[in-house]
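Written out below as structure tokens is the structure these notes cover.
The values are calculated or read from the model by the stated rules, or taken from the named source; none is laboratory data. Given the structure is predicted, the values throughout are model-derived calculations rather than measurements. As a convention, Cβ positions derive from the backbone with ideal geometry for all residues, glycine included, and neighbour counts pool all protein chains shown.
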Amino acid sequence: MRILPCVLGVLFFVASAQAEDEPPQAIHTLTAAAGQAAAFGDVRYAFSLDHWSEQNGEELNLRLRFDPRMAQGEQWSLLDASLDDLSKVQRKAFKQFQKSENPDDALVYDKLEDMLGDVVLVEETTADAIFTAPVVSEDLPEGVLEMTIMLNKAAGFVSQIDMRSIKPFKPAAIAKIKSMTQSQTFAAPDSDGVALLQTSEGAANGKAVLKSFTSQSRQSYFDIERIDPPASPVADTE
């Protein structure tokens, strides 16, 4: 059966339109990387942390260890220092760390999969791809934060996630953020196949309780240890 040239043209147009609608391969790779991380959402980790921060000109340094196997209130411990060695500011910060719940959640970008609905590919090379997407959270007003995601295409993992404020916003009734940024870098997947947080840096300025503030922070994560759940007891079949 002969197909007329005009029909061939229509078929070519339809095929081209379908190809244009198909998401770029880089988006498929990003989605797969986010899905792989989601599988590690319930895994627990022990880790060490170098923390530096500065608020309104006052600096703070702490080196800490977190271990979820310890009792509540004892999961954070000091490295290279004792409680008696800490300044008043350091003690206050250490107590805040002790109150934090499941801080090892931040080590894996397991929630990224839920934030890719409006992701857009903005740049691509043979090695990497860069995307943007709005940050959607029940804890934030809509349309105030945007994130940039860098994908290592060859290794199939997200190597960096940056966030920035698009406009001022109020995270709470007594606080207003004028601007903020955050940048997180992730190490290549280990033998388990999951990329883990290496560094996190952030800066913000605004007002809280009617007082202006500027702050910045930097954290480096090391000696990360996966904590496997205890083995289930074997049932007695006798």
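Of all residues in segment 122-145, those satisfying the criterion of being crowded, with 17+ Cβ neighbours inside 10 Å and within 14 Å of Q25 (Cβ to Cβ) are A129, F131. Being modelled with pLDDT of 90 or more and closer than 30 Å to S183 by Cα is true of L62.
From the list A71, A81, the one residue that fits, being among the hydrophobic types (A, V, I, L, M, F, W, C), out of contact with any helix residue (DSSP H, G or I) (no Cβ under 8 Å at 6 or more places or on another chain) and more than 20 Å from N102 (Cβ to Cβ), is A81.
Residues that are more than 27 Å from the chain's Cα centre (by Cα) and touching a residue at least 24 places away in the same chain (Cβ under 8 Å) within segment 87-112 comprise just one, V89.
Within segment 198-205, identify whether any single residue is of a type in the set (S, T, Y) and at pLDDT 95 or above, and answer yes or no. Yes, some residue in segment 198-205 is of a type in the set (S, T, Y) and at pLDDT 95 or above. Of the strands (runs of 3 or more DSSP E) contained entirely in segment 100-214, those carrying at least 3 residues that are of a type in the set (S, T, N, Q) and more than 18 Å from G35 (Cβ to Cβ) fall at 175-186, 197-208. Check segment 82-89 and report whether any residue there is touching a strand residue (DSSP E or B) at 6+ places or on another chain (Cβ under 7 Å), at pLDDT below 95 and surrounded by 10 or more Cβ atoms within 10 Å (Cβ to Cβ). Yes, that holds for at least one residue.
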